[in-house]
Every structure is written in C-alpha cells, then in structure tokens.
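The values are calculated or read from the model by the stated rules, or taken from the named source; none is laboratory data. The structure presented is a predicted model; accordingly, all values stated were derived computationally and were not measured. Ideal geometry is used to build each Cβ from the backbone, glycine not excepted, and the neighbour counts take in all protein chains shown. Accessible surface is based on the protein model in full, side chains and every heavy atom, while ligands, DNA and RNA are left aside. Shrake-Rupley method; radii C 1.70, N 1.55, O 1.52, S 1.80 Å.
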Amino acid sequence: MALYVLYESASGYGLFLAHGIDEIGQNTEAVRNSVTDLNRFGKVVKLAAFSPYESALDALNQCNAVSEGQMTDELRNFLELSLPKVKEGKKPKFSLGLAEPKLGSHIFEETKIPCQSNEFVLELLRGVRLHFDKFIENLKPGDLEKAQLGLGHSYSRAKVKFNVNRVDNMVIQAIFILDTLDKDVNSFSMRVREWYGWHFPELVKIINDNYLYAKVAKYVEDKSELSEDKLSGLTDIVGDEDKAKEIIEAAKASMGQDLSPIDLINVKQFAQRVMDLAEYRKKLYDYLVAKMNDIAPNLAALIGEVVGARLISHAGSLTNLAKCPSSTLQILGAEKALFRALKTRGNTPKYGLIFHSSFIGRASAKNKGRMARYLANKCSIASRIDCFLDKNTTAFGEKLREQVEERLEFYDKGVAPRKNIDVMKSAIGTVDIEEDEPTAMVNGDANEEPKTDKKKKKKEKRKLEEEEEQEKNDGNGTNVEDGTAKKKKKKKIKDDNMEVDVPAVSEGKKKKKKKSRTEDRD
C-alpha cells in the first residue's frame, strides 16, 4: 500500500510519496538514522504535489484550521486533485500520513481517505521538514525562513488577540496591588502615629482611624500653635465639633516633646504620602469593581468583587477558574493546610479563599462546611457562565445569590429552597427580557413599550384570523345556497365556524320554501 505524507509548511501544502517501504521495513530507528542524509532520504521520499498559499492571510487561515483539526476547502481540493482516484465500491490502495490525528479523522469523515498518524509518519515528516527547501524548485534561500517568521508572528498575534474590556490579567494585577497597598498603608500609618506621637501622644486615643489621623496630623502640625481659630477646620476634617474641641483641649495640656521645624516638615510630608496612598487605594478599589463587573459580573454579584478577584488571581485566569471543579474551588487558597492534612492523615480544610465571603460567616459553626461546599458549587457555575457567555449580564449571579440565601434559611429555619432548574429558567427569562428591551431609553416608561407592542401585535393577529374565518364561512354559505352543502343538522355546535354555518343553512331552506310557494301559485 502506497503511503502519502501531507506536510503543512509556511509557504503551502506539500504532498510527498514514500515509496519502496514495506511494512516490515518501517523501523523508526532506521528511518531516524536515514533522515539526516538527503541522498538516502531522497530515494525513499519524493514530492508528489505542492500547493502554495495565495497570501499571508490565506496562510494564517490555513494554519488556524490545521491547528483546530479542520479541513478547509483548499486542502480538500488539493487532496482530491493530487491523490489517486478511488473507484466506487473499492477500497483505496493508499493511505495518507499526517502529524495531526484530529485533522486525519476529519479528512476521513469528509472524504473517506484512510489516514494514519504514528511514529513512522512523524519521522518521515521530520525528514521532510529538514530537507523541504531542497524538494521545492525555484525557492530562493531565505524565503522559507521569512515565510515561517511572518506566519509565526501573525499566528501568535491572532491567538493573543482578545476583548480589551474582558482582560482578567488586569483584575489579577489590581487585586495584588490592592493587597500590597493595604499592608503598606497600615504600616505607614503606624509609623505616622509613632512619629507624631512623640509630639502629640494624646491624639492617638482621640482618633482611631489611620487616614483621619494622618489628615489631622498634617493640619495641626505644631500643637503649641493650635487654638480656637482652627476649630472650624478641625470640625470639617473630624466631622464632629465635640471631638475637635477635645483635640484642642488635649493640645493645651499635652505631655509630648517639642519638634524642630524641619522634623515637623518631614512628618507633614510623610502624612501627605500616607493620605495619597489611601486615596489611591480607594480609586483602585473602584477600578477593580468596574473591571469585575465587565469580566465576571455573575461571580461578582454572587460572592463580591474582592473575593471573586482573589479566586481569579489564585487560579491564574478566569478560564482556569472555570475549569476547576467545585471541590477544588472550595479549598482554593488552603493548599498548605490540605497537603499537611494529607501528610499527617488529619482533617482536610473545609474552605479556602471563600471563607472571606459573608455567607460563611453568617452560617452556624456546624453548617460552615456544608455552606462552603454549596457556595463553591454556585461559584463554579457563575465562573463558567462568565467565561463562556458572550452577553454581559448579572441575572445568573443574582439568582445564584438568592439560592445561597435560601440555603442559609433552610439550614437555620428549615424553609425548603427552590429547585435549581426553576431558578435557572427564571434567570434565562430575565436575560431574554433584557434582550427584548430597547437599549435607548427616551423616557422612564421604556419597560411599558414592549408590552404595548406585543399586545397590539396579538390584537392584529386575532383580527386577521377572524377575518379569514369569516371569509371561509361566507364561502360555506354560498355553497349551501347552491345546494352543495349537506342537509344533516348537528345538535352540538362548539366551534365558531359551525355557529356561522347554522343561519346559512336556515336561510337556504327559507329560500327553497319561498320558491315552492311561488310555483304552487303559478
């Protein structure tokens, strides 16, 4: 049986005939040794046909199709023209060797050409790849390398292309920076408290918030200069006039040491840096919330933006999180405790990062594990919906959150929750309603417009159906007058058509009686 080998190069499709090889001689080691020698390899493998690509875009499309295991129309035409034709009802006397088994199965399904992909074929293709520029005539040196480089860049660029609004990498970086900022702001705030506490130690007991303490320290500066004139400014910062008066009274009887003007300037600058970091942290949190609503709206609606972002960052991406089963998602973030438990044969952890969700905290101690398992199940569903759904909607996340709330009530009060299929049907219904609604809302009654349109359409359909029925009934009446209708009476009439038929029959009988009376008179 002849063996043809298909090679997909950067410049086009090449079909090679491996002749003079029997099944006994198909030893991969012998082939591997003979591949490097062109004289020996050229005697076994010869070029049968070559089909170059039309353009760089065509090369990219063909490469994408081959990587996905799909046969394009160009490849099908090339194979049908180049391979020997098989008569109907007879088995082909050749086989096609390929590097991609998925592509081979698709070719066999479409064209019934027998395909194979094994170590022997791969060794032949390695030799073809090594000596490909020698097989093709009129190929200038360097052309094949340029084609490979250009196709490699375009293929990588096409694979890296993504929706700019749905980049989960931005969420991963944002949650990392947010966690780092929390630690830095806390440590810097403690440093401001210690530094300014040498000058004004009583202020620490009056103001507990770190951001507010830095703001007050920057405003007060030297405690000896603090007087009633600064009461309004302190009230605006603190938000409480009594607390502002308490600060002024504490400054008058403070036990702190005096600081030089240079030291006060440094404390003021450092307090300003802490305030800037705290404000940037708020802006970054708002940015994270907005990105999570774009990337994973259902997961954010279910478990919150911060916990959802931590799950995505720990998994590596939203796609990786969607691939995780709910049991893995449940203990995500508790890997050390899990492996320690497996090593010591102790109890495995019940929850990881999802412990920070409010649902776990609201559950009782005996139900925390059950609640974590149920919440992980719903988070897995929400992440898969966000990953593979093209529409940006929070309907599924809100419904899943309602289910978790119902499960909490079931554990506490014993109220039976709704079935999952009913909840998902209602979520799909809300998504369909959102699609039907017009995006441009002129007035506030945008929800009423589609309902009125539907009612009008239904009324118009009913009118058309009634008119058609009347026309049919009129036709039945004329037939009765002509004498073609049946004379049998029906006792029970249910349909509207039959209700119209009865007077038509009676009218026909009346006309017949009138005709008979006129004939008798004549």
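Which FRET efficiency, nearest 0.05, do Asp184 and Asp229 yield, Cβ-Cβ r, R0 25 Å?
After rounding, the FRET efficiency stands at 0.10.
Of Lys85/Lys134; Lys183/Lys378; Lys350/Lys378; Lys85/Lys112, which pairs sit farther than 19 Å apart, going by alpha carbon to alpha carbon?
The pairs that break the limit, which is 19 Å between Cα atoms, are Lys85/Lys134; Lys183/Lys378.
Dipole size in debye (nearest 20) for the stretch 114-270 around its Cα centre, Lys and Arg Cβ +1, Asp and Glu Cβ -1?
Computed charge dipole of the stretch 114-270: roughly 1100 debye.
Could you list which residues have their amide H under 5 Å from that of Ala48, counting only those 5 or more apart in sequence or on another chain, with H placed in the peptide plane?
It is Leu15, Phe16, Leu17, by chain and number.
Is there a quick way to get the dipole size of the stretch 165-229? I mean about its Cα centre, with the Cβ of Lys and Arg at +1 and of Asp and Glu at -1; what is the value in debye to the nearest 20? Numbers along the way, then the final one.
Working: 8 positive and 12 negative charges, 54 e Å.
Around 260 debye, computed over the stretch 165-229.
Points 7 angstrom from Cα along the Cβ direction at Glu466 and Leu130: gap in nanometres?
8.7
Per residue of the stretch 343-349, in order, report the coupling 6.51 cos²θ - 1.76 cosθ + 1.60 (Karplus, θ = phi - 60°) as ³J(HN,Hα) in whole Hz, putting x for Gly and Pro.
6, 8, 6, x, 6, 6, x
Rounded to the nearest 0.05, what FRET efficiency is calculated for Glu402 and Asn320 with R0 set to 30 Å and r the Cβ-Cβ distance?
Result of the calculation: an efficiency of 0.65.
Please give, to one decimal in nm, the separation of the simple spin-label points placed at Glu279 and Asn33, each 7 Å out from Cα toward the Cβ.
Label-label distance for Glu279 and Asn33, simple model: 7.8 nm.
What full-extension length gain, to one decimal in nm, is calculated for Lys140 and Asp236 as 0.36 nm per residue of separation minus the Cα-Cα distance? Display every interim value, and only then the final one.
On the way: separation 96, 0.36 × 96 = 34.56 nm, distance 7.88 nm.
Extra length available between Lys140 and Asp236 comes to 26.7 nm.
With a 1.4 Å probe and all protein chains left in place, how much accessible area per residue does the stretch 229-366 have, in Å²?
56
Just name one of Asn367, Cys379, Gly397: the one whose Cα is farthest towards the positive end of the charge dipole of the stretch 361-410 (beta-carbon charges, Lys/Arg +1, Asp/Glu -1).
Farthest towards the positive pole: Asn367.
Between Lys43 and Val167, what FRET efficiency follows from the Cβ-Cβ distance if R0 is 56 Å, with the result rounded to 0.05?
Computed FRET efficiency for Lys43 and Val167: 0.55.
Counting only the backbone N, which residues of the stretch 243-260 are under 11 Å from the spot 7 Å out from the Cα of Asp222 toward its beta-carbon?
Only 259-260 pass the distance filter.
Tell me the GluC sites (Glu not before Pro) within the stretch 49-107 that lie in a loop according to DSSP and have at most 14 other beta-carbon atoms within 10 Å.
Glu54, Glu68, Glu88
As I understand it, the dipole of the stretch 258-318 uses +1 on the Cβ of Lys and Arg and -1 on the Cβ of Asp and Glu, about the Cα centre. Which of Val306, Ser317, Met292 lies farthest toward its positive end?
Final value for the positive-end residue is Ser317.
Quick one: net charge of Val267's neighbours, Cβ under 9 Å, K/R +1, D/E -1?
Value of the local net charge: 0.
In the stretch 102-209, which GluC sites (Glu not before Pro) fall in coil by DSSP and have 13 or fewer other Cβ atoms within 10 Å?
Those that pass, being in a loop and sparsely packed, are Glu137.
Tell me the label-point distance for the pair Val415, Thr348, using the 7 Å Cα-to-Cβ offset, in nm and rounded to one decimal.
Those two pseudo-labels are separated by 3.3 nm.
Where the centroid of each part is defined by its Cα atoms, how far is the stretch 342-371 from the stretch 151-224 in Å?
Value for the Cα centre distance between the two parts: 30 Å.
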